[in-house]
Amino acid sequence: NSGVMSLLRPLLLDVVPTIQQTAALALGRLANYNDALAEAVVKGNILPHLVCSLSEQNRFYKKAAAFVLRAVGKHSPQLAQAIVQCGALETLVICLEDFDPGVKEAASWALGYIARHNSELSQAVVDAGAVPLLVLCIQEPEIALKRIAASTLSDISKHSPELAQTVVDAGAIAHLAQMILNPDAKLKRQVLSALSQIAKHSVDLAELVVEAEIFPVVLTCLKDSDEYVKKNGATLIREIAKHTPELSQLIVNAGGVAAVIDCIGSCRGTVRLPGIMMLGYVAAHSENLSMAVIVSKGIPPLCACLIEEHEDHIKAAAAWALGQVGRHTPEHARAVAVANVLPTLLAMYMDTRSSEDLQMKASIFTKKALKNILQKCTYLPALEPLLHDAPPNIMKHIVGQFSKVLPHDGKARRLFVTTGGLKKVQEIKAEPGSLLQEYINTINNCYPEEIVR
């Protein structure tokens, strides 16, 4: 507000190097503060000065200038675009070859902040020739430089299969895979993130990541003391599992499902989310893979997530995953039903229906999960308690299952009368001619007239 920008600008060209650096640092800290100040740096025509001196000044100034570019570029795609337009990318890429690791780090950081916004900006970073040099940076001895370079490769890969392919073609996967066992937690986070961003796009890319022999090494990350290492490790496994039954089977064979189940059991909150999703993806592929989740005792921790977690999206994910486990055969549905999941899901569905659109998604997922399990569930003791609370759209699936089982099972028919189930069915108001009414008629037809009356 006091017009300090216009006072700092001439100091960037001062004859005393320390003054230049300190002025750049001051601008960087101002620009870092919010986007309005970053805009002021762009409008004050300061970027061309910085880019000019990036190529010719000493390493201290280069670090400070790269810091300003990063601070401006992080706020929005528009501000990042302004940096690209003043020709900064080429100069930053030259800094990646500097002999000083601090300069490389500062340049890599600035490039990552530009690339993370969208695929156009990311492509601009690639076109400037950054990727091969970043792959060299992850092989340098300095941990800080490795971290930032891995993070930048992650930011470049995330937007599209083509960008991820560019990173792969530069030979990044092998070097990243070797660092999964590095003792530095922050480095592991970035490495796992970069591999996830590559693997998520296509089967081919996921297979390339798997071929770098990340299993079973990556499973150790699920036991890491750092929450983000756990989360990113589970995310990487999820991104591989989602593509094909074959990739999921490979993860099962490596002990991945059991490791993810342990991980979900040992943590709380959003760290659980990628693991929950991963189990859902594995179970969705086939009956056998779903059975692998059941046999590895995956249902209890998923039920625990439904009860313990407070955030809708985590509960919804757990509901979805249980739906995927239970949707294949009566045997699968029974394994889910025996864990007493159905009343919890129903209560969740009734709860989410009543509130606003924030929970629309949770409600859809929960309803679908209930439907998936109910349509296969022939285990009547788990269905019966639901007869008392379910809304009509869920009720028809429950009554439908009774109408399938009762005609062929004498013992179940007797029990259904003594537990009051048949009485409850008589109280259901169904539209004449509706599917629900047909189911009720089928059930009533199993019994003598006087019992029904």
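The values are calculated or read from the model by the stated rules, or taken from the named source; none is laboratory data. The structure presented is a predicted model; accordingly, all values stated were derived computationally and were not measured. Note that each Cβ is placed from the backbone with ideal geometry, even for glycine, and that neighbours are counted across all protein chains shown. Side chains included, ligands, DNA and RNA excluded: accessible areas come from the protein's heavy atoms. Shrake-Rupley method; radii C 1.70, N 1.55, O 1.52, S 1.80 Å.
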Scope the stretch 350-406; condition modelled with pLDDT of 90 or more, of a type in the set (Val, Ile, Thr), part of a helix (DSSP H, G or I) and open to solvent by 10 Å² or more (accessible area, probe 1.4 Å); matching residues: Val405
Yes or no: the stretch 41-48 includes at least one residue that is free of Cβ contacts under 8 Å to residues at least 60 places away in the same chain and closer than 22 Å to Leu133 by Cα. no
Could you tell me whether any residue of the stretch 318-333 is open to solvent by 10 Å² or more (accessible area, probe 1.4 Å), hydrophobic (A, V, I, L, M, F, W, C), modelled with pLDDT of 95 or more and under 22 Å from Thr378 (Cβ atoms)? no
Out of the stretch 148-173, which residues are within 23 Å of the chain's Cα centre (by Cα) and over 16 Å from Ser196 (Cβ atoms)? Ile148, Ala149, Glu162, Thr166
Can we say Gln165 is over 29 Å from Pro245 (Cβ atoms) and touching a helix residue (DSSP H, G or I) at 6+ places or on another chain (Cβ under 9 Å)? no
Report yes if Ile307 is of a type in the set (Val, Ile, Thr) and open to solvent by less than 40 Å² (accessible area, probe 1.4 Å), otherwise no. no
From the option list Lys411, Lys429, Lys423, single residue qualifying as among the basic types (Lys, Arg) and either under 26 Å from Gly280 (Cβ atoms) or in a loop (DSSP other than H, G, I, E, B) (or both) is Lys429
State all residues of the stretch 58-77 that are surrounded by fewer than 19 Cβ atoms within 10 Å (Cβ to Cβ) and under 19 Å from Val15 (Cβ atoms); if no residue qualifies, say none. Asn58, Arg59, Phe60
Note down all Cβ pairs under 7 Å where the first residue falls in the stretch 177-205 and is hydroxyl-bearing (Ser, Thr, Tyr), the second is modelled with pLDDT of 95 or more, and they're at least six residues apart or on different chains. Ser193/Ser154; Ser193/Asn232; Ser196/Asn232; Ser196/Thr235; Ser196/Leu236; Ser196/Glu239; Ser202/Pro161
Which count do you get for residues in the stretch 295-349 that are in a loop (DSSP other than H, G, I, E, B) and either farther than 25 Å from Asn253 by Cα or of a type in the set (D, E, K, R) (or both)? 7
Residue hits (the stretch 78-119; over 17 Å from Val131 (Cα atoms), part of a helix (DSSP H, G or I) and open to solvent by 50 Å² or more (accessible area, probe 1.4 Å)) are Gln78, Gln81, Gln85
Please verify whether His201 is within 26 Å of Leu25 (Cα to Cα), in a loop (DSSP other than H, G, I, E, B) and open to solvent by 20 Å² or more (accessible area, probe 1.4 Å), treating the condition exactly as stated. no
Quick one: in the stretch 38-57, of everything that is open to solvent by 50 Å² or more (accessible area, probe 1.4 Å), of a type outside the set (D, E, K, R) and assigned to a helix (DSSP H, G or I), which residue is nearest to Lys74 (Cα to Cα)? Pro48
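Specify which of the listed residues (Glu431, Glu438) is at pLDDT below 90, open to solvent by 30 Å² or more (accessible area, probe 1.4 Å), under 45 Å from the mean Cα position of the chain (by Cα) and not basic (Lys, Arg).
So the residue among Glu431, Glu438 that is at pLDDT below 90, open to solvent by 30 Å² or more (accessible area, probe 1.4 Å), under 45 Å from the mean Cα position of the chain (by Cα) and not basic (Lys, Arg) is Glu431.
Condition check ((1) in contact with a Lys or Arg (Cβ under 6 Å, 6 or more places away or on another chain); (2) in a helix (DSSP H, G or I); (3) open to solvent by 50 Å² or more (accessible area, probe 1.4 Å)) across all residues:
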{"residue": "Arg147", "(1), (2), (3)": "yes, yes, yes"}
{"residue": "Ile173", "(1), (2), (3)": "no, yes, no"}
{"residue": "Ala177", "(1), (2), (3)": "no, yes, no"}
{"residue": "Arg189", "(1), (2), (3)": "no, yes, yes"}
{"residue": "Ser193", "(1), (2), (3)": "no, yes, no"}
{"residue": "Leu205", "(1), (2), (3)": "no, yes, no"}
{"residue": "Phe215", "(1), (2), (3)": "no, no, no"}
{"residue": "Val218", "(1), (2), (3)": "no, yes, no"}
{"residue": "Tyr228", "(1), (2), (3)": "yes, yes, yes"}
